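**Student:** Starting off with a structure, shown below.
The values are calculated or read from the model by the stated rules, or taken from the named source; none is laboratory data. Predicted, not measured: the structure shown is a model, and the values here were computed from it. Don't worry about glycine lacking a Cβ; one is built from the backbone with ideal geometry, like all the others, and counts go over all protein chains shown. To get the accessible areas, we keep the full protein, side chains included, count just its heavy atoms, and leave off ligands, DNA and RNA. Shrake-Rupley method; radii C 1.70, N 1.55, O 1.52, S 1.80 Å.
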Amino acid sequence: MKSLRRSHTSTSSANSSSTSLPSSSSSSTTSTSPPSSSSSWIHLRSVLFVANPSSPSSVTSSDRSSRRKSPWSRRKRKRPLTPHQWRSLFTTEGKLRDGGVRFLKRVRSRGVDPSIRGEVWLFLLGVYDLNSTSEEREAVKTQKRNAYEKLQRRCKLLLKRSDDLEEEVTSEEADDQCVRFMDDYKTTKQIINQQVVSAVNTDSSDTDSCEDDDEDVQLLPSDVYSNNSEENTTSLFGEIQVEDTVHEDFSTWQRIIRLDALRADSDWATYSSSSTTITETKARGLAESVALKDYDHLETCRLHHAARLVSILEAYALYDPEIGYCQGMSDLLSPILAVISEDHEAFWSFVGFMKKARHNFRLDEAGIQRQLRIVSKIIKSKDSQLYKHLENLQAEDCSFVYRMVLVMFRRELSFEQTLCLWEVMWADQAAIRAGVGKSPWSRIRQQAPPTDDLLLYAIAALVLRRKLIIQRYSSMDEIVEECNSMAGQLDVWKLLDDAHHLVVTLHDKIETLSSRSLSV
């Protein structure tokens, strides 16, 4: 029932989002195009300038200073991290210099060249420790590949169990076989964990980034990524929960995953060299191995991508049965598959991504609601006039940006700009996990410190930028349509520049308010 309720809710949300796109454009046009020519100028000005509750003349010198220091402004922004610069960051033994501080700073301020994304992301997403050597990474790679293959074998076992046409054993025999398999898995995973821990330096500051989240998912990221040494010795990549109750949910997840995989968009196609060069025979073979059906309408590269989506999303559903699968997760995985060709590396990268994103897919929506409250607090702190208008519309909970939070601007930004935003976000999160935010960046208070909530500041900045438009609306439905109509019209670097200004001026205040609300 858990998965059914969640999938129904997600489906409704997805459908409403997709169906509102065409109408939103027309509605927005109608609402923002009255006869007066001055209104057209107001609309244009709201697109070009950030709405500020104070008049332009009251902008403080500190505000102007913080904007000049933004690493994402057009004047300050530099070229993405190049292959040559990437190689120069390593020592002779293959270890990142200065604990990866310079590496994270460069990625955070400029993004990554597409040709090296597949390598860089493994560090940003915690697959590899920032302080690991080449030899240690090879050991980790082997262990993670083995762990992923075990998950795949288990997926196939459950798939056979649910298909009476392919499995010629009784239900009782299938149950006994699954129980024996899971008992064996519980035993062998402990041995694997010990081997992995001995293969790497478990005292590293970033090791905990690969742990499983057994803690309460409502905790703030700083609590989730604790440096408890007892927890760190449990496993490099966490406990793979095994419960008999997962069987019923897994059948539902399988069905939804296959539907979503077949409907996945093709924005990623030009970025995935492995999918665009795959042969039809191999693509069909992979599709059949994951029991994908009704795929004749797909071209070869999309079929290969769909089959990989099914394989990795099913493995993740078993890895994290509390979350399982929910619509929207395929949107987060698709870019990773486009960049990383090895399935086991893509899987563990997705696990690293979901360390924070999994909060978005809880049945009780506690993670989503917490993030919406933060967006609301930012808007209230920055622009009380706009916040008051939202209150009058009963929209102060900021539920109109739900989709932006859920799939992290995946629907609003182009594919390439989505990757740039995520890289900056991941660099911030990696810096916090490694404790970087407590040293180099904290000494430069004029610049925005690393934050786990950069996405939320960007969303708030986008809403503030639309102030003059939003204030003319008389219902939350109109605001939702306005948000949907933004798709394809945003500049990620301008968005980050605006977010930088908010982080500089409000970060400490918002952190304090969030801490107080958690303690209540």
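**Student:** What number, in percent, do you get for the relative contact order of the range 278-382 if the mean sequence gap of Cα pairs under 8 Å and at least 6 apart is divided by its residue count?
**Tutor:** Relative contact order, the range 278-382: 18 percent.
**Student:** Another question about this same structure. How far apart, in nm, are two points set 7 Å out from the Cα along the Cα-to-Cβ line at Ala269 and at Asp477?
**Tutor:** 3.6 nm
**Student:** May I pose another question? First measure r as the distance between the Cβ atoms of Glu288 and Glu322, then evaluate 1/(1 + (r/R0)^6) with R0 = 25 Å and state the FRET efficiency to the nearest 0.05.
**Tutor:** Efficiency, from the Cβ-Cβ distance: 0.25.
**Student:** Need the full-extension length gain, Arg145 to Asp491, defined as separation in residues times 0.36 nm minus the C-alpha distance. One decimal, nm.
**Tutor:** Full extension of this stretch gives 120.8 nm more.
**Student:** Please report the accessible area of Thr276 (heavy atoms, 1.4 Å probe, ligands and nucleic acids excluded) in Å², nearest 10.
**Tutor:** Spelled out: Thr276, probe radius 1.4 Å, area about 80 Å².
**Student:** Any chance you could get the radius of gyration and Dmax over the Cα atoms of the range 304-449, in Å?
**Tutor:** 17.5, 51
**Student:** Same structure again: Just the accessible area for Glu280, please: 1.4 Å probe, Å², rounded to the nearest 10?
**Tutor:** Roughly 100 Å² of Glu280 is accessible to a 1.4 Å probe.
**Student:** Hey, any idea what % of the range 276-405's accessible area is carbon plus sulfur with a 1.4 Å probe?
**Tutor:** Carbon and sulfur: 42 percent of the exposed surface of the range 276-405.
**Student:** How much accessible area per residue does the range 275-425 have, in Å², with a 1.4 Å probe?
**Tutor:** 30 Å²
**Student:** For the pair Arg153 and Thr82, how long in nm is the line joining their label points, each one 7 Å along Cα→Cβ?
**Tutor:** According to this spin-label approximation, the distance is 4.7 nm.
**Student:** Collect residues whose amide H, placed 1.01 Å from N in the peptide plane, falls under 5 Å from the amide H of Leu81; neighbours closer than 5 in sequence don't count.
**Tutor:** So Leu81 has HN proximity to Gly111, Val112, Asp113.
**Student:** To the nearest 0.05, how large is the calculated FRET efficiency for Thr276 and Ser251 if R₀ is 35 Å and r is the Cβ-Cβ distance?
**Tutor:** That gives a FRET efficiency of 0.60.
**Student:** Between Asp364 and Glu119, what is the spin-label point distance in nm, taking each point 7 Å from the Cα along the Cα→C-beta axis?
**Tutor:** Spacing of the two 7 Å Cα→Cβ label points: 4.4 nm.
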